[in-house]
Amino acid sequence: MKKTLRYGQVGGSLGAFIGGVHRIGIAFDGRAALTAGCFSRKEEANRETGEFYGLDPARVYGDFETMAKAEGAREDGIDFAVITTPNNAHYAAAKAFLENGIHVLCEKPLCFTVGEAEELCRLAEEKGLLFGVNYSYSGNVMVKEARAIIRRGDIGEIINVNAEYLQEYLVDDVGKSGDAMLKLSSWRKDPEVAGISNCVGDIGSHIEHTVAYMTGLKLKRVAAMLDRFGQPLDLNANILVEYENGAHGVYSCSQVCVGHMNGLVTRIYGTEGAIEWVQENPNILYVTKKGQPTEIHHRGMGYVSGEAAAFSRLPSGHPEGLFVAFANIYKAFLSAVLKKANGEPLTAADLDFPTARDGLDGVRFVRACVESGARDAAWVEV
Ligand SMILES: NC(=O)c1ccc[n+]([C@@H]2O[C@H](COP(=O)([O-])OP(=O)(O)OC[C@H]3O[C@@H](n4cnc5c(N)ncnc54)[C@H](O)[C@@H]3O)[C@@H](O)[C@H]2O)c1
């Protein structure tokens, strides 16, 4: 019976943003050891990161293709690969590991095009491999609790959604020359690296997934107004959405809203009540039943449903945050990988992590928003 796993990481050299958060998230439950990596295309950064984590230098690779082949061929090769590079390498890296029989967990947005995303889904399914996509916010206990409350029917039929993800960190780019800014700053604004969108791809995609996860609603079409403010890609977007059930919603994402740090907020309105979750205060959920005062539900309390409470790590009042959300994505993903490795059947509950299919939905959403934006906010099918 296999109890622990080996993993390899692509991207995430020391000092990179999200790669380290993945390592911490995986380490929470102590069930997988970092064993191989291609942490950077820069030789020194790659080597230093491998050394820092005490890896066998033979398993610190200069490129992810070599890593995928070599690890796929080893008896003691990695069980899964974690892809934490900027967006432009996601597709090729994920494909390389799948082709070599290795499970994958990849950062969002999954890849550049709908065709690439469909191919990754097909490849994972054909090979019987697990493929997680790190929409990290659905790892939060109270996001899972919102889903449980909505599934139970407590807020009735969903008739409206209002969700936002607001940041301020690119406000100084407004009105500056795109070329000059590209040289100075993040790959997120470079179409070669980020893809067709900056803001919608980077944070709008989290709104899309968090709402879909909570509500189960499927997007039908969007009408989006994207603002670039002189930059090569969008920094701000206001998006009308229509779901397959006929309900409508508004998604607003921005990197130029002064006063907002990482303001993901989802508000779901039903015929019998409403739910609101605020990422910067993730341990509580506001639940309002029609005609009643708003209740504040706390993570860790006995009234939280079993399916959400199963992911809770601390008693109520002890704040859990982003690291635990990552740990919870991995809790489900690693359980599924271990079950597979041990030949045990997987249930729907085992698959409570975002998959390549969710990644595909995200890529479709981004594509539709960009197309709509280019057509003066015309309605575009997702
Ligand atoms: N889920 C989330 O909440 C969340 C948060 C932040 C970033 N992200 C996503 O994570 C990804 C990385 O973002 P970041 O902010 O950490 O970027 P970053 O620039 O801080 O780090 C990227 C890392 O990838 C390495 N790298 C680049 N190309 C590579 C290649 N071909 N092979 C190996 N290594 C390579 C870089 O050297 C660096 O170590 C992006 O796709 C981003 O959208 C997700």
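The values are calculated or read from the model by the stated rules, or taken from the named source; none is laboratory data. Remember, it's a predicted structure, so these values are computed and weren't measured experimentally. Here the Cβ is made from the backbone with ideal geometry for all residues, glycine too, and neighbour counts use every protein chain on show. In case anyone asks, the SASA skips ligands and DNA or RNA and just uses the protein heavy atoms, side chains included. Shrake-Rupley method; radii C 1.70, N 1.55, O 1.52, S 1.80 Å.
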Excluding ligands, DNA and RNA, what is the solvent-accessible area per residue of region 20-170 at a probe of 1.4 Å, expressed in Å²?
39 Å²
Residues of region 144-164 with amide N under 20 Å of a point placed 7 Å along Cα→Cβ from GLN292:
144-160
Any chance you could run the full-extension gain for ARG313 through MET301? It's 0.36 nm times the residue separation minus the Cα-Cα distance, nm to one decimal.
3.1 nm
In region 195-211, whose amide N lies under 19 Å from the spot 7 Å out along Cα-to-Cβ of GLU118? List them in ranges.
196
Taking a cut-off of 21 Å between Cα atoms, list the lysines near LYS339, but don't count ones fewer than 8 places away on the same chain.
LYS2, LYS3, LYS127, LYS331
Have a look at ILE268, VAL10, ALA27 and report the one farthest towards the positive end of the charge dipole of the chain, computed about the Cα centre with Cβ charges (Lys/Arg +1, Asp/Glu -1).
ALA27
Where Lys and Arg each count +1 and Asp and Glu each count -1, what net charge lies around SER136 among other residues with Cβ under 11 Å from its Cβ?
0
On the protein heavy atoms, probe 1.4 angstrom, tell me the percent of accessible surface of the chain carried by carbon and sulfur.
53 percent
Take each uninterrupted DSSP H stretch in the chain, measure its Cα extent along the helix axis, and return the ones at 18 Å or beyond whose mean Kyte-Doolittle hydropathy is at least -0.5.
322-341, 356-374
For the pair PHE229 and VAL250, the simple spin-label estimate (label points 7 Å beyond Cα toward Cβ) gives in nm 2.0 nm
By its C-alpha gyration tensor, with a ≥ b ≥ c as the square roots of the eigenvalues, how is the chain shaped: rounded for a/c under 1.5, else prolate for a/b larger than b/c, else oblate?
oblate
Tell me the label-point distance for the pair LYS2, LYS69, using the 7 Å Cα-to-Cβ offset, in nm and rounded to one decimal.
2.4 nm
Given a Förster distance of 30 Å, report the FRET efficiency between ASN281 and ILE159 from their Cβ-Cβ distance, rounded to the nearest 0.05.
0.75
Of all DSSP beta bridges in the chain, antiparallel share, percent nearest 5:
60 percent
Output the relative contact order of region 180-317, whole-number percent, from Cα pairs under 8 angstrom with separation of 6+ residues.
14 percent
Can you pull out the chymotrypsin sites (Phe, Trp or Tyr not before Pro) in region 268-365 whose DSSP state is coil and whose Cβ has at most 15 other Cβ atoms within 10 Å?
TYR303
Just to be sure I follow: if Rg is taken over the C-alpha atoms of region 5-133 and Rh is the Kirkwood radius over the same atoms, what is Rg/Rh?
0.94
Got a sec? Which residues in region 153-174 would a label at VAL258 touch, if it sits 7 Å along Cα→Cβ and we count backbone N under 15 Å?
167-174
Extension gain LEU351-ALA33, at 0.36 nm per residue separation less the Cα-Cα distance, in nm?
112.3 nm
Cross-link partners of LYS189 among lysines (Cα-Cα below 29 Å; sequence separation of 8 or more within a chain)
LYS42, LYS95, LYS108, LYS176, LYS218, LYS220
Rounded to the nearest 20 debye, what is the charge dipole size of the chain about its Cα centre when +1 sits on each Lys and Arg Cβ and -1 on each Asp and Glu Cβ?
640 debye
